[in-house]
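Trainee: I am attaching a structure below and will ask some questions about it afterwards.
The values are calculated or read from the model by the stated rules, or taken from the named source; none is laboratory data. What you are looking at is a predicted structure, and each value in this text was computed from that prediction instead of being measured. All Cβ positions, even for glycine, are placed from backbone atoms using ideal geometry, and neighbour counts span all protein chains on display. Protein only, heavy atoms only, side chains kept; ligands, DNA and RNA dropped before computing areas. Shrake-Rupley method; radii C 1.70, N 1.55, O 1.52, S 1.80 Å.
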Amino acid sequence: MSELYIRVAEEENEEPMEIPSEDDGTVLLSSVAAQFPGACGLRYRNPESQCMRGVRLVEGVLHAPESDWGNLVYVVSYPKDNKRKMDEIDAASAVKIKRGFQKTSDLIVLGLPWKTTEQDLKDYFSTFGEVIMVQVKRDAKTGNSKGFGFVRFTDYETQTKVIAQRHMIDGRWCDCKLPNSKACPDEPMRSRKIFVGRCTEDMTTDDLRKYFMQYGEVTDVFIPKPFRAFAFVTFADDQVAQALCGEDLIIKGVSVHISNAEPKHNNSRQMMDRGRFGAVHGHGRSLTLNVGRQNLNSFILESKRTFLPKVKKFPSSFPEIPCSREWDGYEVSDL
């Protein structure tokens, strides 16, 4: 008796694979799972009703519908939890693909001791990975170190790891980061923080940290109290944060949406650009003002009767960014 094969595919429109049946015409679930790990059964589309039907499974043995497998293509069934896990793996792979073409950049090393040489710098950073270039900036006249330098690595992952931590070089703590010039002036600063929407109350900071660590190093997780159905997650690498934005991910069986958490300085600038009244926020002993230049005079007149009973001195020009308590030329007394 010739061996009978049935056609099985992971998805209905994918190319099928032939799976051998047993002598009695049944198919072992283990035979299916050997080719499709995690499979828990088979289903097929009924030619008459066009509905999906499940194949009967008894103690690990799949039985042919109506005693004949026919020429149908059978689709693999997976447990729901396993399917979610596979979707999460696909999302993680998508992030890695997005990051796969990142090139390394020159990093600035701040706070170098005066005695540190380029060889010292290379010896230190070579412990993280292959170094392409090192440079200690020196005064053109005296030749003395200016207290900072540059380093560049071959591997992007090494660069990310170096940026994420502080460095003890020749007995002094130094910081290593991307120079400000690397950010295009026409583009907003990219944030390392993401906004996680649609969170549930049973999600803890540990749950979020553990989940997002599959994408990259997590430096901070914040869930507001009282609970407000969202959270913030900060990565060591801004590329990870940007790659995740727009994704819908499954955490503890719940679909959450990831979006960009805009830096605070951008929000402040937007409020200033509106050119209308902003808000006066008093908290404890501090006061923050957000108003447009055109309405400054009207704002001050109104504020003197309510929020600012003791204004000592007024500025000649309105500053760009609001701050607390002291603001260039004028000082706000304690509330």
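Trainee: Would you mind estimating how fast region 5-77 diffuses translationally, via Stokes-Einstein at 25 °C and 0.890 mPa s with the Kirkwood radius over Cα pairs, in µm²/s? Don't jump to the answer; show the numbers that get you there.
Mentor: Working: Rh = 12.1 Å.
D, rounded to a whole number, is 202 µm²/s.
Trainee: How do 206-218, 11-23 rank on mean C-beta neighbours within 10 Å, highest first?
Mentor: Details: 206-218: 17.1, 11-23: 12.4.
The most tightly packed comes first, giving 206-218, 11-23.
Trainee: Just to confirm a number: summing +1 for Lys and Arg and -1 for Asp and Glu over residues other than Lys122 whose beta-carbon lies under 12 angstrom from that of Lys122, what do you get? Before the final figure, lay out each step's value.
Mentor: Numbers: positive: Arg152; negative: Glu118, Asp120, Asp123, Glu130.
After counting each charged neighbour, the total is -3.
Trainee: Given a 1.4 Å probe and every protein chain left where it sits, what share in percent of the accessible area of region 5-77 is carbon and sulfur?
Mentor: Numbers: 1960 of 4430 Å².
It is 44 percent, rounded to a whole number.
Trainee: Given R₀ = 41 Å, what would the calculated FRET efficiency be for Thr117 paired with Met213, taking r from the Cβ atoms and rounding to 0.05?
Mentor: E between Thr117 and Met213, to the nearest 0.05, is 0.65.
Trainee: Between region 102-145 and region 1-44, how far is it from one alpha carbon centroid to the other, in angstrom?
Mentor: The distance from the Cα centre of region 102-145 to that of region 1-44 comes to 60 Å.
Trainee: Which distance in nm do the two modelled labels at Ala229 and Ile132 give, with both placed 7 Å along the Cα-to-Cβ direction?
Mentor: That separation, rounded to one decimal, is 4.6 nm.
Trainee: Ignoring any ligand, DNA or RNA, what whole percent of the accessible area of region 106-177 comes from carbon and sulfur when the probe is 1.4 angstrom? Could you put the intermediate results ahead of the total?
Mentor: On the way: 1970 of 4060 Å².
Result for region 106-177: 48 percent of the exposed heavy-atom area is carbon or sulfur.
Trainee: Could I ask something else about it? Would you mind getting the accessible area per residue of region 106-177, heavy atoms of the protein chains only, 1.4 Å probe, in Å²? List each step's numbers first, then the result.
Mentor: Values: 4060 Å² over 72 residues.
For region 106-177, the per-residue accessible area is 56 Å².
Trainee: How much length is gained if the chain between Phe222 and Ala34 is pulled fully straight, taking 0.36 nm per residue apart and subtracting their Cα-Cα distance, in nm to one decimal? Kindly include the intermediate steps, with their values, before the conclusion.
Mentor: Numbers: separation 188, 0.36 × 188 = 67.68 nm, distance 4.25 nm.
Contour length minus the Cα-Cα distance gives 63.4 nm.
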